[in-house]
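Novice: Here it is: the structure, laid out below.
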Amino acid sequence: MASPNLKSDLSIRKSLTTTAYEQLEELIVTTELEPGAILSEATLVEQLGIGRTPIREALQKLEREGLIRIMPRKGIEVTDLNPAKQLLMLELRRDLEKLLAKSGALRATEEERSAFIVIADAMAETAAAGNDIAFLRQDYALNQLMAQAAHNEYASRAIGLIHGLARRFWFVHFETTANIPLCSSLHANLAREVAQGNPETAATAVDALMDYLEEFTRATLRAPDRPT
C-alpha cells in the first residue's frame, strides 16, 4: 500500500499534469500553437511554468489524441488540420456521443445532473454574447462531463481521441461558417436533456447537434478561402 506522502505526491503530480494538459490543449485548439509548429519540451516548461514530468505526461496524452506528434531528438510537431477527415470523424462521433448521452441520462449522479444544468445556463449566456473563447471553454467542460457522467471508461477514452481535433477544427473555421448562438443552443439543449434523465430525447439532441456540425464541416469544405 502506498504511503500517505506518496499518495499526496501522486495527487499533486496528477493535478499538475491535468493543468498542463488543459493549458496546452487550449493553446493548440485556439491555434496559439499553430498547425505545423515545431515545439520543444524545454520551451513549454518555461512558457507554462510547470515541471518537465507533468508537461511530458500531458504531451503523451495530446499525442494519443492526435493533436501533436512527438519526434524523438527533433521536437514536438503540432499536427496539421485535415478538413476532409472531419466528416469521417463525425461518422464515429455521432454514435459515441449518443452512447454517452443515453448512458449519462441513465447513470448520472445528482451532482452531475446539476453540473449539466450549470453548463446549459452558461451556454445560453454565451449564445447571447457570441463569445468564442467562452464557448470553447464551456464546450470543453461539457465534453468532460459527458464522458464522466456516462460511467463507461471505454466510451470515455474513445471520445477523448476526437474532441480536441473537433474543437480545433471548429475554432479555425467558426468566423466564416459557424453560428455561435445556434451551436451554443444545441449544446445547451443536449446538456439539459441528459440532466433530465431521458435517454431517447438525449439521443435526439445529439442527432440535432451532429447534423449541425456535419453541415458546418461541409460548409468549410465548400468555402474557397478556408484556412489550410
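Read-outs: derived from the displayed coordinates by stated rules, not from any lab. Since the model is a prediction, treat every value here as computed from it, not as a measurement. Note: ideal-geometry Cβ built from the backbone for every residue, glycine included; neighbour counts use all protein chains shown.
Novice: So what's the gap between the Cα centers of the stretch 21-58 and the stretch 152-225, to the nearest angstrom?
Specialist: 25 Å
Novice: Give the total of Lys-Lys pairs in the chain with Cα-Cα distances below 29 Å; include a pair only if its members are 8 or more places apart or on different chains.
Specialist: Taking the Cα cut-off of 29 Å, the pair count is 10.
Novice: Let me ask something else about it. For residue 82 paired with residue 179, estimate the spin-label separation in nm (one decimal), with each label point 7 Å from Cα along the Cα-to-Cβ line.
Specialist: 3.0 nm
Novice: Where does each of 74, 85 land when they are ranked from fewest to most other beta-carbon atoms within 10 angstrom?
Specialist: 74, 85
Novice: Now for a different question. Based on Cβ point charges of +1 for Lys and Arg and -1 for Asp and Glu, what charge dipole magnitude is obtained for the chain about its Cα centre, in debye rounded to the nearest 20?
Specialist: Charge dipole, the chain, about its Cα centre: 680 debye, nearest 20.
Novice: Which value, in debye to the nearest 20, gives the size of the charge dipole of the stretch 4-78 about its Cα centre, when Lys and Arg are +1 and Asp and Glu are -1 at the Cβ?
Specialist: Details: 10 positive and 12 negative charges, 90 e Å.
The calculated dipole for the stretch 4-78 is roughly 440 debye.
Novice: Let a ≥ b ≥ c be the square roots of the eigenvalues of the Cα gyration tensor of the stretch 73-189; is it rounded (a/c under 1.5), or, if not, prolate (a/b larger than b/c) or oblate?
Specialist: oblate
Novice: Using the Cβ atoms and a cut-off under 15 Å, what net charge is assigned to the surroundings of residue 42, where Lys and Arg are +1 and Asp and Glu are -1?
Specialist: Around residue 42, the surrounding residues sum to +2.
Novice: Cβ neighbours within 10 Å, averaged per peptide: list 86-93, 205-212 in order, most packed at the top.
Specialist: In descending order of packing, they fall as 205-212, 86-93.
Novice: Place +1 on the Cβ of every Lys and Arg and -1 on the Cβ of every Asp and Glu in the chain, take the dipole about the Cα centre, and give the residue among 72, 129, 161 whose Cα lies farthest towards its positive end.
Specialist: About the Cα centre, the residue reaching furthest to the positive side is 72.
Novice: To the nearest 20 debye, what is the magnitude of the charge dipole of the stretch 68-179 about its Cα centre, counting +1 on the Cβ of each Lys and Arg and -1 on the Cβ of each Asp and Glu?
Specialist: Using Cβ point charges on Lys, Arg, Asp and Glu, the stretch 68-179 gives about 540 debye.
Novice: Would you be so kind as to identify all helices of the chain, as entire DSSP H runs, whose Cα atoms reach 15 Å or more along the helix's own axis and whose mean Kyte-Doolittle hydropathy is at least 1.0?
Specialist: Within the chain not a single helix satisfies the rule.
Novice: I'd like to know which of 208, 103, 115 lies farthest towards the positive end of the charge dipole of the chain, counting +1 on Cβ of Lys and Arg and -1 on Cβ of Asp and Glu.
Specialist: The listed residue farthest towards the positive side: 103.
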